[in-house]
Structure formats: C-alpha cells, structure tokens
1. Regarding residue 61, is this residue within 49 Å of the chain's Cα centre (by Cα), of a type in the set (Lys, Arg) and modelled with pLDDT under 75?
2. Filter the range 12-56 for residues that are modelled with pLDDT under 70 and within 52 Å of the chain's Cα centre (by Cα) and give the result.
3. For residue 103, state whether it is modelled with pLDDT under 75 and hydroxyl-bearing (Ser, Thr, Tyr).
4. From 92, 76, which residue is closer than 30 Å to residue 20 by Cα and at pLDDT 90 or above?
Amino acid sequence: MQQLTELVNQFTNSEQTDEQTLRKQISTINEVIQMQKSKTIDKFDEIQLQYLQNTFDNQVKLKLGQLNQLDKEKISNMSIIQVLDQINRVMSEENERAQNILTSLRESTDVLRTIGVSHDKIATCAETGRGLVNNIKQNEAKDRLIIGSLFFVFIIVSIWIIFKRIRKAFQKSFLEKLSFSFGYEIK
C-alpha cells in the first residue's frame, strides 16, 4: 500500500508535458491498484485503496486537462504562417485522398459500364435464342402435322390396295371356280 501511495504522490507532484509518458505512468499505477485490490484483506486497506484510487482518478483528469490546455496554447502560440502551412499540408493530403477516390470511382464506373454492355448483349442473344426456339417448336408442330397426315394417307392407300387385291383375288378365284364348273378357262 505504501508503494501505491508513493506512486500516486509522485504522479501528483510531477509535471508532464508529454502525453506518452503520462499514459505510461497511468497504466503503471492502474496495474498496481489492480494488484492491491486482489491483496486487500481488511476494511481499512480497502477504504485507503479507494481513497488513493479516487485521488489518482482526479489527478489523471487534471493532468489530461492540463495537456489539452498546453496543446491549445501551443496552437494559439503558433505563428500564422505555421498554421497556414499546416492547413496547406492537411488540404494537400485531403486532395490526394480525393484524387484517389475519384480514380477508384472512375474505374468502378468503367467496370459497371462494361458489365452493362455485356448484360445488354446477353439479353439480346437470349431474346434471339427464345425466338429461334419458338420457330423450331412451330416447325416441329407443322412437321408432326404433315407426317401425321401423310401417315394417315399411307394407311388409307394401303387399306384401299389391300381391299382391291382381296376383291380381285376373290373375283378371280370366284370366276375360276365358276369357269371350272362351266368348262371355260379364264385368262
């Protein structure tokens, strides 16, 4: 507990002008406070630790406020030329970033334009393909109708030929039988 008290007193009495040094001291003291919290056994040590932590927190706020005030004073003490140089540097960096963004935007636009043209070509080809498929289906339907009609005509002609042959065969055999009975020969 004595070590923590000494660290907090040193922190309170020190004059930090560097934020990095201040942050290191704050982290070191916070580590010691955490170690002490795990070790505290009696109520008095706990109250003393709470008091030291509150004192330390108040000092941290005060020191950070002083650093911010120093930064503001440094800015106000800068000459106008330094401020303008700093503004110029910041604006140049922003200009570079804007140019990079503009270049990326142009590249993206070109890619999107290319994709749009490709999409239009694909859509045109798909429409042409649909038209061709519809034509093929229509031709197929016509072909089926023609083939069906021709098959029907073939069946009718075949039946007609078969009936003719059968009739002729019956007539010939009937005449032969008839001529045989009368003794005539049919040629």
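1. No.
2. Those that are modelled with pLDDT under 70 and within 52 Å of the chain's Cα centre (by Cα): 16, 17, 18, 19.
3. no
4. 92
The values are calculated or read from the model by the stated rules, or taken from the named source; none is laboratory data. Bear in mind that the values here come from a model prediction, so they are computed numbers and not experimental data.
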